[in-house]
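The values are calculated or read from the model by the stated rules, or taken from the named source; none is laboratory data. Just so you know, these numbers come straight off a predicted model, no measurement behind them. Heads up, the Cβs are rebuilt from the backbone with ideal geometry, glycines too, and the neighbour counts pull from every protein chain shown.
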Amino acid sequence: MARYTGPVCRLCRREGLKLYLKGERCYSDKCAIDRRAYAPGQHGQVRRKPTEYGMQLREKQKARRIYGVLEKQFRRYYEEASRQQGITGEILLQLLEKRLDNVVYRLGYASSRAEARQLVRHGHFTVNGQRVDIPSYQTKPGDVIAVREKSLKSPKIKELVESAESKTVPAWLERDIASASGRVLRVPTRDEIDTPVQEQMIVELYSR
């Protein structure tokens with residue numbers, strides 16, 4: 001399983017905004033972008049006039065980093081979105097939102113998508129009663145995602161479930177804290193996806 005293993009605060013600084021990749025740390029005064037709000041590296045504070053290609057690239061990189069997807073896999077998502085009927089950019093974001101690790105994060109059972117990915121990989125969640133350990137698993141309307149009963153014995157998992165109650169769940173999902181589960185009600189609309197990305201620029205980049 002390929003994944004980015006470098007310093008994630010560096011990614012936020014490169015994109016110039018909080019991507020919330022480190023969970024609670026992003027809300028504290030330790031957040032790197034609050035302390036050094038410029039790109040990393042020797043020339044990070046040098047101002048350059050962005051080109052059209054540069055802006056399109058930044059939007060694509062931002063989306064990849066938010067969802068924790070590497071380039072090859074992100075390209076496959078785009079190709080799948082382009083084959084479906086509808087607005088390609090919106091379908092691309094919907095495919096990313098329906099990933100199991102993202103759904104776990106949206107339900108509040110993880111403080112970040114990276115943590116949700118790890119929990120899924122370790123087999124702490126089930127989909128419709130079946131254990132699933134693939135973070136990229138595509139959930140569907142009607143799917144029930146739940147914390148495994150055995151996993152609830154873990155103090156860490158129990159703490160995450162209890163803290164989920166204070167987190168807001170998007171309208172396309174339904175959460176039941178009592179049973180440590182959630183349900184996918186429908187495919188999210190663009191208005192319900194709060195990812196700060198201009199998806200049309202990603203489509204333009206891949207259409208070059």
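Every listed requirement among (1) part of a helix (DSSP H, G or I); (2) closer than 28 Å to Q94 by Cβ is met by E159 save one, (2).
For every residue, the table says whether it meets (1) over 17 Å from G68 (Cβ atoms); (2) among the charged types (D, E, K, R); (3) in the same structural domain as Y78 (by TED's automatic domain parsing).
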residue: S154; (1), (2), (3): yes, no, no
residue: L160; (1), (2), (3): yes, no, no
residue: K167; (1), (2), (3): yes, yes, no
residue: M201; (1), (2), (3): yes, no, yes
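Which of the residues spanning the stretch 162-188 are assigned to a loop (DSSP other than H, G, I, E, B) and either touching a residue at least 40 places away in the same chain (Cβ under 8 Å) or within 16 Å of the chain's Cα centre (by Cα) (or both)? Reasoning before the result, please.
Step one: list which residues in the stretch 162-188 are assigned to a loop (DSSP other than H, G, I, E, B), which gives 167-172, 180, 185-188.
Matches in the stretch 162-188: K167, T168, V169, P170, W172, A180, L185, R186, V187, P188.
When the stretch 104-123 is filtered for residues that are of a type outside the set (G, A, S), over 12 Å from V161 (Cα atoms), surrounded by 17 or more Cβ atoms within 10 Å (Cβ to Cβ) and touching a residue at least 24 places away in the same chain (Cβ under 8 Å), the ones remaining, listed by number, are R106, R113, E115, R117, L119.
Of the residues making up the stretch 73-104, those that are modelled with pLDDT under 95 and in the same structural domain as V161 (by TED's automatic domain parsing) number 0. The set of residues in the stretch 160-191 being under 30 Å from G54 (Cβ atoms) and surrounded by fewer than 16 Cβ atoms within 10 Å (Cβ to Cβ) consists of T189, R190, D191.
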